[in-house]
Every structure is written in C-alpha cells, then in structure tokens.
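Participant: Provided herewith is a single structure, encoded as structure tokens, for subsequent inquiry.
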Amino acid sequence: MFTTTAFSQNDTIVSQINGTVINSETRFPMNNVHIINATRVKGTVTDNNGYFEIYAATNDTLLFSYLGFETIKVVKPAQVAGRGNGHGRIWSA
C-alpha cells in the first residue's frame, strides 16, 4: 500500500510505504522480514502480522530479506494511483 504521506529530503519527495509481507506458498503473514531501503540506508522489520512501514522516494531500491528465503529487490515506481493491497511476496530459495 502506498500512502500520500510525503516530505522533502534534499529536494527529493519521500513517501511512506506500508503493507504486509505474505508467504506465497502458505499465504500466511511473515514476521521479522527485514526491509532495507538500499538507496537511503534505512530499514525496518515486519511485525507479528507481517506489517511494515518504510519511507522511500521514486526509484529507491527496497530489499526484502528473510533467513532461508530468496531476497527480493523492489524499485519504487514514480506514482501509484489510489490505495493498493500492499502485499509483498517472499518465496523459498
């Protein structure tokens, strides 16, 4: 889910991204998934319900990693219209 919360950081618009990481095989939320904004060197971890919040600007690279699973790289798009379901996917390596 991409929200409209935004602020300027060095003339770059940064917005809050939040969502839930779901295991694509079991369909259960995944807790303790590490989400790193590799562009800004900031990170967070999903809670017990797989929920996360992180700030990113257009074209920032987000890395989703979990022990024993393949790391997923996501680049934030320029614009996201409306509210999506915000679900990421992590699958076994």
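The numbers here are math on the coordinates, done by the rules we state, and not lab data. Predicted, not measured: the structure shown is a model, and the values here were computed from it. A quick note on method: Cβ atoms are made from the backbone with ideal geometry, for glycine too, and the neighbour counts reach across all protein chains shown.
Participant: For the pair GLU25 and THR58, what calculated FRET efficiency results from E = 1/(1 + (r/R0)^6), where r is the Cβ-Cβ distance and R0 = 41 Å, to the nearest 0.05?
Facilitator: Taking R0 as 41 Å, the efficiency between THR58 and GLU25 is 0.85.
Participant: Taking the highest mean first, how do the peptides 67-73, 12-18, 39-45 order by number of other beta carbon atoms within 10 angstrom per residue?
Facilitator: Descending mean neighbour count gives 12-18, 39-45, 67-73.
Participant: With each pseudo-label sitting 7 Å past Cα toward Cβ, what's the LEU67-HIS34 distance in nm, one decimal?
Facilitator: Here the modelled spin labels are 1.1 nm apart.
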